[in-house]
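Peer 1: This is the structure, below, for whatever I ask next.
The values are calculated or read from the model by the stated rules, or taken from the named source; none is laboratory data. The model shown is predicted, which means the values in this text are computed figures rather than measured ones. Counting neighbours? That spans all protein chains shown, and the Cβs are built from the backbone with ideal geometry, glycine included. Just the protein is used for accessible areas: all its heavy atoms, side chains included, with ligands, DNA and RNA removed. Shrake-Rupley method; radii C 1.70, N 1.55, O 1.52, S 1.80 Å.
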Amino acid sequence: QVQLVESGGGSVQPGESLRLSCVASGIIFSRYVMNWYRQAPGNERELVATITTRFSVNYRESVKGRFTVSRDNAKNTVYLQMDSLKPEDTAIYYCNCNEGWNHYWGQGTQVTVSS
């Protein structure tokens, strides 16, 4: 059974940082592309960052230069370091991986950026 468990969310002020973690179980983690998505109230879920099995990374334009995705295959964990946070980053952040028709999601972790 595949499980993805996110942690590290919280409430911060603009300009501050948070580090999200997602621990995976039930998969051979090193074989999966891992994604971070987010969903703000009233908005569709959007892709934030991706890290491939070869550690290549991609980001949505609005977070480039502020967010860093990384992975530790020995710990079955993917991270999202978020710096210089802005109010518009407020959302629930989800970890995701896919296998064919199967899409696996964590429960999400809330990030709130407000002064």
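Peer 1: Starting from the stretch 4-26, keep only residues that are in contact (Cβ under 8 Å) with a residue 60 or more places away in the chain, then list their pairs with residues that are among the aromatic types (Phe, Trp, Tyr) whose Cβ atoms are within a distance under 6 Å, requiring at least 6 positions of separation or different chains.
Peer 2: That search, which allows pairs on different chains as well, returns LEU4/TYR104; LEU20/TYR93.
Peer 1: If you don't mind, there's one more thing I want to ask. What's the number of the only condition in (1) closer than 14 Å to CYS22 by Cβ; (2) open to solvent by 80 Å² or more (accessible area, probe 1.4 Å); (3) among the basic types (Lys, Arg) that ARG45 fails to meet?
Peer 2: Exception for ARG45: condition (1).
Peer 1: Hey, among the residues in the stretch 29-66 that are without any contact (Cβ under 8 Å) to a residue 24 or more places away in the chain and outside any loop (DSSP other than H, G, I, E, B), which one's farthest from GLY15 (Cα to Cα)?
Peer 2: Checking each candidate, the answer is ARG31.
Peer 1: Take the residues of the stretch 19-42 that are in contact with a helix residue (DSSP H, G or I) (Cβ under 9 Å, 6 or more places away or on another chain) and closer than 14 Å to THR90 by Cα: which is surrounded by the fewest Cβ atoms within 10 Å (Cβ to Cβ)?
Peer 2: ALA40
Peer 1: List every residue pair whose Cβ atoms sit under 8 Å apart, with the two residues 6 or more apart in sequence or on different chains, where the first one lies in the stretch 85-109 and is open to solvent by less than 10 Å² (accessible area, probe 1.4 Å) and the second, anywhere, is of a type in the set (Asp, Glu) and assigned to a loop (DSSP other than H, G, I, E, B).
Peer 2: These pairs meet every condition: LEU85/GLU16.
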